Structures are given as structure tokens and as C-alpha cells.
Amino acid sequence: MPDTPAPRPTLPALWLVLLAAGGVFALTMGARQSMGLFLGSINTATGLGLASISLAFAFGQLWWGLTQPLAGMVADRIGPGRVLVLGVLLVAVGTAMIPLMHTTGGLILAVGVLAAGGAGMAGPSVLMAATTRLVSPEKRGIATGIVNAGGSFGQFIFAPIAQGITAAAGWVAGLQALAALTLLALPAAWVLRGRGNVHAAGTAKPETTREAVGRALADRSFLLLSAGFFVCGFHVAFLATHLPGVVASCQLPPEVGAWSLAMIGLFNIIGSFGIGWAIGFQGGRWPMKRLLTLIYAARAVAVLVFVLSPKSTAVMLVFAAVMGLTFLSTVPPTAGLVAKFFGPAHMGTLFGLVMVSHQIGGFLGAWLGGKAFELTGSYDWMWYADILLAVAAALLNWPIKEQRPAPLGTQPA
């Protein structure tokens, strides 16, 4: 019996899928983005030094990215359900193991390999690919915005919870609570179990994964998009890992660090919905590459104003809110451009490749933040690098060629 294309889900099922994908992203991203709150406690308990601990966190940023094209490739072939189950379990196990590790190698295993690798398997490449396949092209912008907002909501909720549990019962209990909460994502994997790519009889032979990857790596616009996303990873990882340290260096109360991370999460919900609406507004008349240019330029201005401002609780929270608007709002237009360039057939694999670039930037943002503070006693040079990289990213996205069809053998974008 010949294979036939999977039917498009009904509207209630579509919203259930979006809720499930957003929920998975909320739980895994919320746990990952709250770990910076424990950096000082881990340092006190282990005596390893900020640079060594930052290396473990930085490796996690890199490994989170490296797992995504592989996870996306598997999900493209067999569906995302089993990939997500394994990813969620690894996040929980890795997070729970952190208090047991007292060496740099042990922290790299717990934070960098298990927790980060699991979060990569249950991360944007798999979730965005699953979502993209289930919605029509004109709705992809707002759909990916909804899923992306889930990650931001998780950060908004998890950071104060983690800080509150830590204050009441200690940092070990705080990490164990994060590990337990991530397990709530397991039922969503059943909703998103889906199917892999299906080839309908009588149609052109579909493009292989190797062909799709080769075509992407030879595409100038794809490379420019990936280079800009490198900068996004640098910004996001530096803030997620070191913003509590920035707060401490400004001699502000520790709870300001937790609320700053929460503000980033809260306002990124607004930014994610807003960018999703902008992509889909009037049939997508706002080019996604222009939106990316605007986001990166706004980051440069926000960091410059923060560097020049006196450091107070109000300034810190306003800065966190402004950065939150742009924090992960780069994801929907970046995913949208990948889908527009190459279609959704290999979306998990190709968006995973873009995420590798993002997380190489994340590795450098997390690691260099710790090194810069150890060498100079401040984060000033990281802020200067943030500004220059944001300007570079804005310029890199401007010449991207957005309007072009996917070739024969792929699903139309």
C-alpha cells in the first residue's frame, strides 16, 4: 500500500501541539537559564574558581548547540516523540547531579553533557521543526513565536522559584527542584510524537539530508544568517550565566539577579509574540532579515545605554526588560528564513546547524565572561564586545536574500 502524506491536524489539535511544544521549551529552557543563579554557590562549595565553573557552563552552551542538528536529523526521520523523552530525562538527571560534582570534569559531565545535551534534544531544532510541519506558511511566524514564548515564560517562572527555594532550603534543594520540574514535560512528548518525513508515491524523489546540508552550506544567505545567530548566542549565554554576577559586582542584593532573569523571561514573551505577529503581519510584508537587523541594532543601543548609566536596582530591571524584548526574539525570524530557504522537510537538521553557530557564540559568551571577570575584576570588556558584535550582526543580516523558492524535491515554504 503506497505511503500517503500525513493529514494536517485540525485546529484544536494544532493548538494542543503549540501548547505542548511551548511547554517543553518552558520547562527545559527555564531550568537551563536559571542555572546562573547557582554559579556562586557552586564556587563556594567546590572552590574551583569562577573561570573553571564558567568553563563547564560554557561547554554546556556548546554541547546544547552541537546536539541539535543530530537530534533534528533523528526527529526528521522518526518523529520527535522519542527524542524529546530522552532529552527531558537527561535534563532532569544532569541537573540533579550538579551538587554531587566537586571537580571541573564532573561539572562538565553534569552541566555540559547531560543537562545541556538533553535540553538540546528537547530544544528549538526539534520543537520548531515539529511546529513548522503542522502549520501553513502564513501562520508559521506566530506559531514559532508562541513556542519561543514558552521558553521565555519558563525563565520568568523558574528564576524566582529557584531563588525562593534556595533562600528557604539551600542551593542543593533549589537544583533538585528544577530537576523534578523538568519531568513535567514528559506528557508533551506524547502529544508531539508525530511522524518522520513521508514520501508520497508519484512525487519527485525527496532531497536527502546530505544534499540538503550541502546546499545550505553553499548558500551565502544561510551563512550570513548563521553568523548573525552566533552573536545572539554570545549575548544570551553571557546574560544567562553572568547577570547574577553583574548584579553582585554592582553591589546590589542577590534577589535583584533573580528578578532580572525573570524580567528577561517576561519581556521576551512580549518580544516573541510581537516578532511572530510582525512576521505574519499582512502576509509577511515585513522582511524577516530587516526584523533581525532591527533586533541586533536595538541590543547594541541597550547595552551602550546600560554601560553609561549609574547602576541601581531600577536601572538593572529596566535593562533586563529591554534585553528581554530582544533576548530570543531572533528565533522566529531565523527559523522562518530557514524554512523559506529550504522548506520544512529537513527543518530540524538545518535549523540545528544554525543553532550550532548560536551555541559556539554561547560557549564564548559564558566562558569569556568568567575569564574577563577573573582577569580584570569587572565585566566591562564583555559589554564592549557585546556592543561591537551586535552592530556586526545587524550588518550581516542586511544583505540576506530572502525571496526565493525552495528547489524541487522539497516541500514548499
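Here, each number is a calculation from the coordinates, and none is a lab measurement. These numbers were taken from a predicted model, which means no experiment stands behind them. Note that we place each Cβ from the backbone using ideal geometry, even for glycine, and neighbour counts take in every protein chain shown.
Key figures
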item	result
On Cα atoms only, tilt of 288-308 relative to the major axis of the chain in degrees	0 degrees
Long-range amide H partners of Gly343 with built H, under 5 Å	Ala413
Structure-derived P(r) over Cα pairs in 10 Å bins from 0, in percent - corresponding label in (1) 5, 22, 33, 28, 11, 1; (2) 4, 19, 26, 23, 15, 8, 3, 0, 0; (3) 5, 25, 35, 24, 9, 2, 0, 0	(3)
Pairs of Lys in the chain closer than 28 Å at Cα, counting only those 8 or more apart or on different chains	10
Local electrostatic count at Ile295 - Lys and Arg +1, Asp and Glu -1, tallied over other residues with Cβ under 14 Å	+2
Karplus-derived HN-Hα couplings along the stretch 147-159 (A = 6.51, B = -1.76, C = 1.60, θ = phi - 60°), whole Hz, x at Gly and Pro	4, 4, 4, x, x, 5, 4, x, 5, 4, 7, 6, 4
Note, ³J(HN,Hα) from phi for the stretch 210-215, Karplus 6.51, -1.76, 1.60, rounded to Hz, x at Gly and Pro	4, 5, 5, 5, x, 5
Tilt relative to the chain, helix 380-397 - C-alpha long axis, 0 to 90 degrees, to 10	10 degrees
Note, ³J(HN,Hα) from phi for the stretch 317-333, Karplus 6.51, -1.76, 1.60, rounded to Hz, x at Gly and Pro	6, 5, 4, 4, 5, 5, 5, x, 4, 10, 4, 10, 5, 6, 5, x, x
For the stretch 204-332, average projected area of the Cα convex hull in nm²	10.1 nm²
